[in-house]
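Q: Have a look at this one before I ask anything.
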Amino acid sequence: MSLGFIRPYAAIEYKLLVSVAILAMGTLYSGVSASRSNESLAEIKQAIIRDSIASYSGNCACPFNSAKNGSSCGRRSAYSRAGGYSVICYPNDVTDEMVRNYKKRKTS
C-alpha cells in the first residue's frame, strides 16, 4: 500500500504509528502479566496460610479466629503465644522459601 500520494512522509508516519501501537500493546501486556503473577503469589500465600491454620488442632490458631464461646482469640491465639505452635496467619509471615516449597509440592 503506497501512501506517497497523500504526503511525502506519510509512509514514515504510518510506520511510526504502527511501531508506537505495537510498543504500547507490549507494555500493556507486560503490565497484565505482572499483575497476574502478583495475584498468583497472593493466592499461594493464602493457600499456605489456610494450610497452616487447618493443621492447628484448636480453635485459636490466629488472633482473628473465634474461640468456642464466639469471642475473638486475640492474644490467646497460638500465633500470639511465645514458644507455642508456630502458625502462619498473615501474608507477611510467608517466606520466599515457603513459596518455593509450595510450588515444588504442587508441580511434583
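Q: Run residue 16 past the list (1) at pLDDT 95 or above; (2) at negative phi; (3) surrounded by 10 or more Cβ atoms within 10 Å (Cβ to Cβ); (4) not aromatic (Phe, Trp, Tyr) and report the number of the one that doesn't hold.
A: For residue 16, the failing item is (1).
Q: Which ones in segment 32-55 are modelled with pLDDT under 95 and either basic (Lys, Arg) or more than 23 Å from the chain's Cα centre (by Cα) (or both)?
A: Once the filter is applied, which keeps residues that are modelled with pLDDT under 95 and either basic (Lys, Arg) or more than 23 Å from the chain's Cα centre (by Cα) (or both), segment 32-55 yields only 36.
Q: Among 102, 29, 85, which is the only one that is part of a helix (DSSP H, G or I) and modelled with pLDDT under 90?
A: Numbers: 102 fails: modelled with pLDDT under 90; 85 fails: part of a helix (DSSP H, G or I).
On inspection, the qualifying residue turns out to be 29.
The values are calculated or read from the model by the stated rules, or taken from the named source; none is laboratory data. Since this is a predicted model, take the numbers as computed values, not measurements. Cβ coordinates were reconstructed from backbone atoms using ideal geometry, including for glycine residues, and neighbour counts include every protein chain displayed.
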